[in-house]
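Q: Sharing a structure below in structure tokens format, with a few things to ask.
The values are calculated or read from the model by the stated rules, or taken from the named source; none is laboratory data. These numbers come from a predicted model, not from an experiment. Cβ atoms come from the backbone with ideal geometry, glycine included; neighbour counts cover every protein chain shown.
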Amino acid sequence: MPVTPDIRWIDNDAALDEACKALSQAPVLALDTEFFREKTFHPVPALIQIYGGETTYLIDPLEVACSDACRELLTNDALKLLHACSEDLEVFAHWAGVAPTPLVDTQVAQGLLGEDAAMGYQRLVEFWVGETLPKEETRSNWLERPLSDAQLSYAALDVVYLLMVWQLQRESLERHGRLEWVLEDCADLVAQSERSSDSDGQWYLRHRQLWRLAPRQVEAYRLMTTWREGEARARNLPRNWIVQDRVLYAIAEKLPANRHELSRVEGVKPPLIKREGDVLLALVKQAAHADAAALAPVPLAPTLPPFKARMKALKKVVNGEAESLGVAPEVLLRRRELEALVTASMRNAPLPLASGWRGERLNPGLQAALGDLAQAG
């Protein structure tokens with residue numbers, strides 16, 4: 001049966017503190033955000049939704065700053081619910097300065113129940129509650145004021161149904177003995193989000209063709225992507241507005257020594273040379289003159305027979321465990337994590353084994369598989 005939410009609009013400090021007081025005793029809080037991000041690096045908060053089981057509070061972050069009472073609410077002992085939370089955590093980081101904790105991401109929970117690990121929110125509600133949420137407001141402009149009645153209802157229903165979904169998910173998780181797994185995974189999500197500003201130097205590892213480059217080319221690409229992440233954050237611009245990945249990769253391939261050589265790199269246009277040419281050339285020069293011993297290792301080629309053999313053996317372990325649990329293999333270990341294990345094995349380095357419940361389920365089999373291959377030569 002469709003729900004008609006009781007909505008309270010919050011656009012001043014007094015109303016926010018009153019809402020936080022009313023929500024302070026709720027054991028579970030369903031949260032959501034609406035934001036705009038097309039022209040900025042950081043998301044621009046447009047609406048914060050909080051529901052504790054009675055009134056739905058819609059907070060206008062364009063008018064009211066997060067208060068100490070709200071920060072206390074977001075970090076008290078109540079369980080906080082979000083769906084597909086990565087960008088929402090960024091919104092809370094910029095508006096509130098804190099991450100909602102303790103946290104459950106209902107998308108993560110769904111994956112551990114053996115369903116689609118990337119299930120969208122509308123499908124999730126239909127799956128658990130049997131209701132079809134309206135889609136018309138999904139792409140609306142949430143920065144406009146006043147918001148329409150349709151927008152207000154859409155925003156409120158997002159958190160009302162989220163609480164209903166979680167109540168049913170939790171029952172199923174407890175039956176399967178997986179509630180603690182979800183809590184562990186979601187605590188990791190929060191920890192990763194808090195490290196985001198410290199991970200600029202790891203962005204280069206996302207490129208799938210990095211193994212094709214020589215060590216100094218990899219170093220040039222690493223330096224340029226690290227610089228770009230810092231600039232995107234400082235200028236609050238989308239990273240590709242500064243310079244695109246494919247262009248940085250092409251520069252790393254060619255290692256230009258001057259503006260003339262830089263201009264001949266595919267994708268490099270005169271405005272980029274004028275705006276960023278000097279710094280890009282300086283970073284390339286830094287890579288060219290770096291101490292060879294200090295260069296990061298080039299990722300191993302995934303086409304190498306020993307690499308492929310190890311990947312196949314590890315996938316067999318993960319797929320077998322996933323089948324026994326009734327979940328998708330990527331819920332247990334992602335491809336990047338498998339590749340890291342293979343690389344460490346081939347380089348005789350310590351294995352970056354999984355921790356927590358995944359480690360208990362997977363590590364003996366993963367270690368045995370790699371050990372068998374090592375003995376076979």
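Q: Go through (1) more than 18 Å from L210 (Cα to Cα); (2) surrounded by 16 or more Cβ atoms within 10 Å (Cβ to Cβ); (3) without any contact (Cβ under 8 Å) to a residue 40 or more places away in the chain; (4) of a type outside the set (S, T, N, Q) and name the single condition R361 misses.
A: All conditions pass for R361, except number (3).
Q: Could you please find all residues in the stretch 352-373 being assigned to a loop (DSSP other than H, G, I, E, B) and under 17 Å from K316 (Cα atoms)?
A: Residues satisfying the conditions are L353, A354.
Q: When Q122 is evaluated against the numbered criteria (1) surrounded by 16 or more Cβ atoms within 10 Å (Cβ to Cβ); (2) assigned to a loop (DSSP other than H, G, I, E, B), which criterion, by number, is the only one it fails?
A: Checking Q122 against (1) surrounded by 16 or more Cβ atoms within 10 Å (Cβ to Cβ); (2) assigned to a loop (DSSP other than H, G, I, E, B), the one that fails is (2).
Q: Is at least one residue of the stretch 224-238 touching a His at 6+ places or on another chain (Cβ under 7 Å), more than 30 Å from A78 (Cα to Cα) and in a loop (DSSP other than H, G, I, E, B)?
A: Within the stretch 224-238 (the criterion being touching a His at 6+ places or on another chain (Cβ under 7 Å), more than 30 Å from A78 (Cα to Cα) and in a loop (DSSP other than H, G, I, E, B)), the answer is yes, since at least one residue qualifies.
Q: Identify the single condition in (1) out of contact with any helix residue (DSSP H, G or I) (no Cβ under 7 Å at 6 or more places or on another chain); (2) among the small types (G, A, S); (3) under 30 Å from E184 (Cβ atoms); (4) part of a helix (DSSP H, G or I) that A349 does not satisfy, given that it satisfies every other one.
A: Of everything listed in (1) out of contact with any helix residue (DSSP H, G or I) (no Cβ under 7 Å at 6 or more places or on another chain); (2) among the small types (G, A, S); (3) under 30 Å from E184 (Cβ atoms); (4) part of a helix (DSSP H, G or I), A349 misses just condition (4).
Q: Could I ask something else about it? For the stretch 258-272, give me each residue that is surrounded by fewer than 18 Cβ atoms within 10 Å (Cβ to Cβ) and part of a helix (DSSP H, G or I).
A: Answer for the stretch 258-272, where residues must be surrounded by fewer than 18 Cβ atoms within 10 Å (Cβ to Cβ) and part of a helix (DSSP H, G or I): R259, H260, E261, S263, P270, P271.
Q: Let me ask you something else. Residue by residue through the stretch 147-167, note down the ones that are outside any helix (DSSP H, G or I) and in contact (Cβ under 8 Å) with a residue 24 or more places away in the chain.
A: Hit for the stretch 147-167 is L147, nothing else.
Q: Considering the stretch 286-340 alone, what residues qualify as being in a helix (DSSP H, G or I), surrounded by fewer than 18 Cβ atoms within 10 Å (Cβ to Cβ), touching a residue at least 60 places away in the same chain (Cβ under 8 Å) and among the aliphatic types (A, V, I, L, M)?
A: A288, A292, A309, L325, listed by residue number.
Q: Separate question: If the Cβ limit is 6 Å and pairs must be 6+ apart or interchain, which residue in the stretch 205-226 that is closer than 14 Å to D245 by Cβ pairs with which residue that is modelled with pLDDT under 95 and among the acidic types (D, E)?
A: T226/D200
Q: If the requirement is being among the acidic types (D, E), touching a residue at least 24 places away in the same chain (Cβ under 8 Å) and either surrounded by 22 or more Cβ atoms within 10 Å (Cβ to Cβ) or not assigned by TED's automatic domain parsing to the domain that holds L173 (or both), which of these qualifies: D60, D88, D13, D17?
A: D88
Q: Name, by its number, the condition in (1) more than 17 Å from D185 (Cα to Cα); (2) outside any helix (DSSP H, G or I) that does not hold for A117.
A: (1)
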